[in-house]
There are 6 protein chains.
Amino acid sequence: MLSTLIELQRLKRLDRTGWTLRGLPNGTESVASHSFGVSVTAMLLADKCAAQGVAVDVEKVLRIALLHDWAEVRVGDMPRTATLYFGSDARKQAETTAFLDVVDMVDADGSYAELYSDYERRESLEARLVKAADVLDLLIQVYALERAGARGLDEFWEVAEKPDFNLDGTAEQIVQELLDSILKARSELHNNG
Amino acid sequence: MLSTLIELQRLKRLDRTGWTLRGLPNGTESVASHSFGVSVTAMLLADKCAAQGVAVDVEKVLRIALLHDWAEVRVGDMPRTATLYFGSDARKQAETTAFLDVVDMVDADGSYAELYSDYERRESLEARLVKAADVLDLLIQVYALERAGARGLDEFWEVAEKPDFNLDGTAEQIVQELLDSILKARSELHNNG
Amino acid sequence: MLSTLIELQRLKRLDRTGWTLRGLPNGTESVASHSFGVSVTAMLLADKCAAQGVAVDVEKVLRIALLHDWAEVRVGDMPRTATLYFGSDARKQAETTAFLDVVDMVDADGSYAELYSDYERRESLEARLVKAADVLDLLIQVYALERAGARGLDEFWEVAEKPDFNLDGTAEQIVQELLDSILKARSELHNNG
Amino acid sequence: MLSTLIELQRLKRLDRTGWTLRGLPNGTESVASHSFGVSVTAMLLADKCAAQGVAVDVEKVLRIALLHDWAEVRVGDMPRTATLYFGSDARKQAETTAFLDVVDMVDADGSYAELYSDYERRESLEARLVKAADVLDLLIQVYALERAGARGLDEFWEVAEKPDFNLDGTAEQIVQELLDSILKARSELHNNG
Amino acid sequence: MLSTLIELQRLKRLDRTGWTLRGLPNGTESVASHSFGVSVTAMLLADKCAAQGVAVDVEKVLRIALLHDWAEVRVGDMPRTATLYFGSDARKQAETTAFLDVVDMVDADGSYAELYSDYERRESLEARLVKAADVLDLLIQVYALERAGARGLDEFWEVAEKPDFNLDGTAEQIVQELLDSILKARSELHNNG
Amino acid sequence: MLSTLIELQRLKRLDRTGWTLRGLPNGTESVASHSFGVSVTAMLLADKCAAQGVAVDVEKVLRIALLHDWAEVRVGDMPRTATLYFGSDARKQAETTAFLDVVDMVDADGSYAELYSDYERRESLEARLVKAADVLDLLIQVYALERAGARGLDEFWEVAEKPDFNLDGTAEQIVQELLDSILKARSELHNNG
């Protein structure tokens, strides 16, 4: 178990390249910090869903959120443009193989592999909620950076215009409400700035 | 929910003061990165416990691990010595009140407050497992820093000599095994260095 | 004397949490850098006071300015919100005890302790001038950060609106003049930005 | 031409992931800094080759050295392990396509594309000299980091044991001499440390 | 050769003081990163000149661009104001002597010294093109920083208003076109911001 | 007064080049942090001198310590080697002129200029004590960095072998005692490391 944990420590230092490539300082956000943000966002969303009667397995949500970026310890935090050049399928395959190698010593029953596969294919409601949390944590980070003076991050907001999280009913509504409140906060920020 | 998430974003940038006070560079580890490390460590420990027949609520473990440091967004990451001057009780009380204020808008049923209170008092097995993960992630971080050349961190290892996690049976054994393997890795590091 | 100086070295690396909690990069300002700014500001203010006939002990001003943040090496740079949760009295008491421990080996005659106590209670004119310099250096730092593009620091300016430095006569006037010129510079910055 | 230059500015901030993944601070070395180091090393090597009668086109050497990492502005600085998962061919193909897109507006006659292709295939002596400089600058950086206290970088030295630069005659000898002097310096460093 | 390369490694970490003195974070741009930017800009400019019939020795351009800042490894990156106090001649003389010492072991035939002298006196077309690239890379960096939110950098644009690169004909036109496109991009940035 | 204070803010961000040129991370120590260290060291030394009967003007000591590096805001933190190339006299003259310009608006009676001139010529006991504090703070910083794992800083200790502070009697003894205790601490560090 130790060698796995030592390797995952590396995510604490690995910069999210989206920021440094746009001229923000090194150390703006690590992959580990982002994973924390996604996990917390996913927990709040899932708990709200559950409170409103959606049948959601919160434990599964938290597991997926915590492990969804582990492959980056071997593949790195690839910029979006990298996916264009490698192709989405090649990236998924490489990350999946990397993930399997990372968890090799701690996944005797294959349950982490299964959760990862679920996330990559957005099969379950839980996987789709984590994907929504992944995007929402990104947007809240962009908002926080813009509030602190950063500029040049407009392209991140394009994804927010017509998100496709493949959710429906109450879950979709809860995610959309949070997204709307982010967009409203950003709009107020720029009206006052 | 948004204002809570915006506030928790701040943990991504807040430095763990233990490192900067010992002369390591700013940005060595954020509170959010540490929370990620604790959550992952706790998940692996809890899953191993469950696999060996211990009755442990993994969802509860993950929830506690994710939220156990949220109060720091208002109180800061206090150095150990600060606790000496404020007193352990005053610190606990301040952090508990801060935690309640942080979750005020998202904890309608008081379940986050209950988990936090459980953790502060180390009541349940799950709370005690998270506390063990908190210490183990710290030691793995120290090990990783020492492997990269850092020195002057000996005092962190003192806690490892006679840990008091108040666990027993299989859970204690699993935690002790991980602790032993960390100590062995460190010993090898210094014999080879 | 050496162990005291080694401990105080730590202030060179300790981040002022006010900036990192608002999303500015780690390393924006250390406690030692701030203490330097306060000391310089206090010297200029005190010299101007003296030049205009105010009876002020400049040596005492400089001593207080240099030592007023030494307790932070043990207690950390607590965010404002932390004081709310611990209470102002508890914070003062903790910091005073920490200060006494820090200077234990170099304060045979208790003169540092006396200066610290004076500062904490804002007893003398000199202590009140240092407190004014503490706030003014903060505002000049905020101004410098805003000029370099930082945003989201509005709350720091609230203290500037109705400062209560408990000064009177010429000293009050000199401090107010500097404060007014900072506010004017900031106003021009935002009109031109 | 401007849009190309603006895009290449991003290499000044992009961290080389080899350092951050091994626990060194963010900002240890940017891709642009490394490209500078490779270019300078290549110039010195090529000039020495020319001085000893090797027929080498130094202009071509410098061009290749300056442009050999431009694809990283779109693909990122992939860690070594990433190549294992994507496969060496897929990586080369992705980087080549990315390179072509980067230079699209400034390469009317296709000469940059040709140089890049030459480098990727190590066809010319000039391309092979740049590859040697790429490795030598890496090793000198590792040496400099170790001299400043960094540890845990042993795996970088493995490549130095039996390098395969596919050079011969005088060129091979000149490169080997530099490599030997690096290994000797490192050996002395560790004997004295 | 090794000792020269080890010394030049230091340029990878040396901050350009222009940014830090204006309140931007440490690590904004190293001297090595800037030299890379100048070299790339110079290559694109020189290649365009050559394509349009200007007789330009591109190899010489690249050599000058790569080595023009080597003296800074001993003299540091002096702020503009420093030149005012030392005098332009004293600075040139100090940097020339420093440069000669830096290349002492690798410049048997004095060719690096000659290129440096040419650059310092802006004798050749190649030297003047590198000087233009030096300024243009600076402006593109300022533009990139402003696009990312930085402010307070207006003084850098003054040099752009009436540049004196001492070029004529096609070369002047090509440099001016790039300068104009930078100014246009900046103007659009501020109209949209 | 404000423009002077705004300019001096810049010392909070200006890196001491001694560290970055030796491969330590950006942000290791700012000029402002160092000035704080010198001022504190000078205060403790002067107070001990006074307690043992030396006639020393502590206010003067503190004033000199606080202002002795202000010229660097215009001239930069020149590396030691820079002095070799400019000459010690030219450097002193440039820094003196820069200092006079920095304090132009706040030094109506010329007292800051006089203190600076005293320091540059090491005339008074107070000036010589500050110079000793300048070196001692440097050595304590080196010690602290080495304790945290830094290496390659041996040349800084050479100055400690036969210091020439031009002090005598009790003052010399007090300074030498502190120096000896630093050397002893370092010796123990390396025996244990």
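Here are a few things to note about the model shown:
- For the pair the range F:159-183 / the range C:32-67, the C-alpha centres are spaced 29 Å from each other.
- Three-way shape call for the range B:119-182 based on the alpha-carbon gyration tensor, with the a/c threshold at 1.5: prolate
- Heavy-atom accessible surface of A:Met105, to the nearest 10 Å², is about 140 Å², with a 1.4 Å probe and all protein chains retained.
- In nanometers and ordered shortest first, the copy-to-copy spacing of the D:Thr97 label point, defined 7 Å from Cα toward Cβ, is 1.8, 5.7, 6.0, 6.0, 6.5.
- Contact order, relative form, for chain E: 24 percent (alpha carbon pairs under 8 Å, 6 or more residues apart, mean separation divided by residue count).
- Shape call, chain C: gyration tensor on alpha carbons, a/c limit 1.5: oblate
- Hz values of 3J(HN,Hα) by residue in the range B:34-44 - Karplus curve (6.51, -1.76, 1.60), Gly and Pro given as x: 4, 4, 4, x, 5, 5, 5, 4, 5, 5, 5
- Counting only residues at least eight positions apart within a chain, or on another chain, the lysines with an alpha carbon under 19 Å from that of E:Lys12 are D:Lys12.
- Note, ³J(HN,Hα) from phi for the range E:132-139, Karplus 6.51, -1.76, 1.60, rounded to Hz, x at Gly and Pro: 4, 5, 4, 6, 5, 5, 4, 5
- Ligands, DNA and RNA aside, F:Lys131 has an accessible area near 50 Å² when probed at 1.4 Å.
- Peptide-level mean, for C:60-67, of C-beta atoms on other protein chains within 10 Å: 4
- Heavy-atom accessible area with a 1.4 Å probe sorts E:Asp134, E:Asp57, largest first, into E:Asp57, E:Asp134.
- Within 10 Å of the Cβ of each residue in B:81-92, the mean number of Cβ atoms contributed by other protein chains is 5.
- Look at the stretch F:140-148: the mean tally of other chain Cβ atoms within 10 Å of its residues' Cβ atoms is 6.
- Rounded to whole Hz, the Karplus (6.51, -1.76, 1.60) HN-Hα couplings of the range E:115-123, x for glycine and proline: 5, 5, 4, 4, 4, 4, 9, 6, 5
- Of the whole protein surface, C:Glu188 contributes about 90 Å² of accessible area at a 1.4 Å probe radius.
- Three-way shape call for the protein assembly as shown based on the alpha-carbon gyration tensor, with the a/c threshold at 1.5: rounded
- Here the calculated FRET efficiency for F:Glu161 and E:Asp89, from their Cβ-Cβ distance with R0 = 35 Å, stands at 0.40, rounded to the nearest 0.05.
- Taken per residue, the accessible surface of chain E reaches 37 Å², heavy atoms only and a 1.4 Å probe.
- Label point 7 Å beyond Cα along the C-beta direction, distances from F:Asn192 to other copies (nm, shortest first): 2.5, 2.5, 5.1, 5.4, 5.8
- Accessible area ranking (1.4 Å probe, heavy atoms, ligands and nucleic acids excluded), largest first, for B:Val103, C:Val106: C:Val106, B:Val103.
- Nm distances between copies for E:Glu158, ranked from closest, using label points 7 Å along Cα→Cβ: 3.9, 3.9, 4.1, 5.6, 5.7
- Sequence-distant lysines (8 or more away, or on other chains) whose Cα lies within less than 16 Å of C:Lys92: C:Lys131
- Of the solvent-accessible surface of the range C:140-193, computed with a 1.4 Å probe over protein heavy atoms with every protein chain present, carbon and sulfur atoms account for 40 percent.
- Total buried accessible area between F and C, probe 1.4 Å, nearest 100: 4100 Å².
- Chain D residue nearest the rotation axis toward A, with distance: D:Asn26, 2 (Cβ to axis, whole Å).
- Hypothetical label at C:Asn192: residues of the range E:167-193 whose amide nitrogen lies under 17 Å (7 Å Cα-Cβ projection): E:190
- Accessible area of the range C:10-106 belonging to carbon and sulfur atoms, whole % at 1.4 Å probe: 48
- Based on alpha-carbon atoms, the Kirkwood radius and the radius of gyration of the range E:69-157 give Rg/Rh equal to 1.04.
The values are calculated or read from the model by the stated rules, or taken from the named source; none is laboratory data. The model shown is predicted, which means the values in this text are computed figures rather than measured ones. Cβ atoms come from the backbone with ideal geometry, glycine included; neighbour counts cover every protein chain shown. We work out accessible area using only protein heavy atoms, side chains counted, and drop any ligands, DNA or RNA first. Shrake-Rupley method; radii C 1.70, N 1.55, O 1.52, S 1.80 Å.
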